[in-house]
1. For the range 84-123, which positions are among the polar types (S, T, N, Q) and either crowded, with 22+ Cβ neighbours inside 10 Å or free of Cβ contacts under 8 Å to residues at least 40 places away in the same chain (or both)?
2. Among the candidates T141, T122, single out the residue that is modelled with pLDDT of 95 or more and hydroxyl-bearing (S, T, Y).
3. Assuming G235 fulfils every condition listed in (1) buried (at least 17 other Cβ atoms within 10 Å of the Cβ); (2) small (G, A, S); (3) without any contact (Cβ under 8 Å) to a residue 24 or more places away in the chain apart from one, which condition is it?
4. Just name the residue that is nearest to the chain's Cα centre (by Cα) out of those in the range 101-130 that are closer than 16 Å to Y229 by Cβ and among the hydrophobic types (A, V, I, L, M, F, W, C).
5. Starting from residues that are over 17 Å from the mean Cα position of the chain (by Cα) and modelled with pLDDT of 90 or more, keep the ones in the range 55-92 and report whichever is farthest from L212 (Cα to Cα).
6. Could you please let me know if L108 is within 21 Å of G210 (Cβ to Cβ) and in contact with a helix residue (DSSP H, G or I) (Cβ under 7 Å, 6 or more places away or on another chain)?
7. Hand me the list of strands (runs of 3 or more DSSP E) wholly inside the range 164-238 holding 1 or more residues that are within 19 Å of T141 (Cβ to Cβ).
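The values are calculated or read from the model by the stated rules, or taken from the named source; none is laboratory data. Only a predicted model underlies this, so the values are computations on that prediction, with no experimental measurement involved. Methodologically, a virtual Cβ is constructed for each residue, glycine included, from the backbone with ideal geometry; neighbour enumeration extends over all protein chains shown.
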Amino acid sequence: MKGERLDRLLARLGLGSRKEVARLVRAGRVRVAGERVFDPGFPVPEGASLELDGRPLSVRRHHHVLLHKPRGYVTSRTEGPSVYALLEGFPVRDLSPVGRLDKDTEGLLLFTTDGLLLHRLTHPKHKVEKRYLVHLLHPATEEDRRAFREGLVLDGEKLLPAELFWEEDPTRVELVLREGRFHQVKRMFALRGNRVLYLKRLALGPLALGALPLGKARYLTEEEEKALYRAVGLGGGA
């Protein structure tokens with residue numbers, strides 16, 4: 001019988017870690033297609049109903065994984081060290097990254113199995129916000145702020161307006177973009193005669209890193225998934 005492992009599916013639904021949900025299954029608290037199952041490795045047929053303690057569980061077609069990427073990893077399957085090495089226990093073969101982070105950049109990196117969602121999140125038409133923390137060699141200026149807001153010209157094309165923020169230290173800034181071009185953040189500051197020393201993505205659309213430890217990954221919650229789909233005009237989820 002083909003199907004996703006029961007413990008992996010339950011963990012993806014946010015019911016706990018693989019070990020935690022395995023205990024739920026062994027305790028007889030889970031039913032698949034109306035039948036009580038005690039094996040955490042039971043292959044769940046596609047479309048089968050799930051219940052926990054008699055409560056129906058909503059099963060989704062797609063996987064969405066949020067990774068807190070460390071420096072030193074590349075967003076590639078063919079080069080290394082690869083971010084996919086950090087996704088042990090997730091359906092790595094089917095996951096595609098939503099954009100890329102450079103080897104020396106850390107922060108929020110989203111993976112999904114939904115090609116339509118990926119396309120909309122990365123297409124500039126949908127203007128999905130990406131928020132970055134940036135450490136600079138030289139202090140940012142009000143002129144930089146105005147230039148970013150008006151739209152810099154990169155590769156002969158005018159960029160979408162970007163927002164630049166800082167509080168007390170103008171070498172520690174936050175930048176909000178609504179598109180994603182190759183090395184865009186570094187190249188934008190280079191156009192202004194500055195250099196990026198450290199770069200971290202803090203948020204993508206409605207998603208934020210929160211307390212997720214560096215190098216760790218987790219499935220999106222149901223609420224995060226719905227918010228993500230709404231952000232690109234795809235309703236409340238898949």
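1. S96, T105, T112
2. None of the other options fit; the residue is T141.
3. The one condition G235 does not meet is (1).
4. L110
5. In this case the residue turns out to be P81.
6. Criteria not met by L108.
7. 172-177, 196-204
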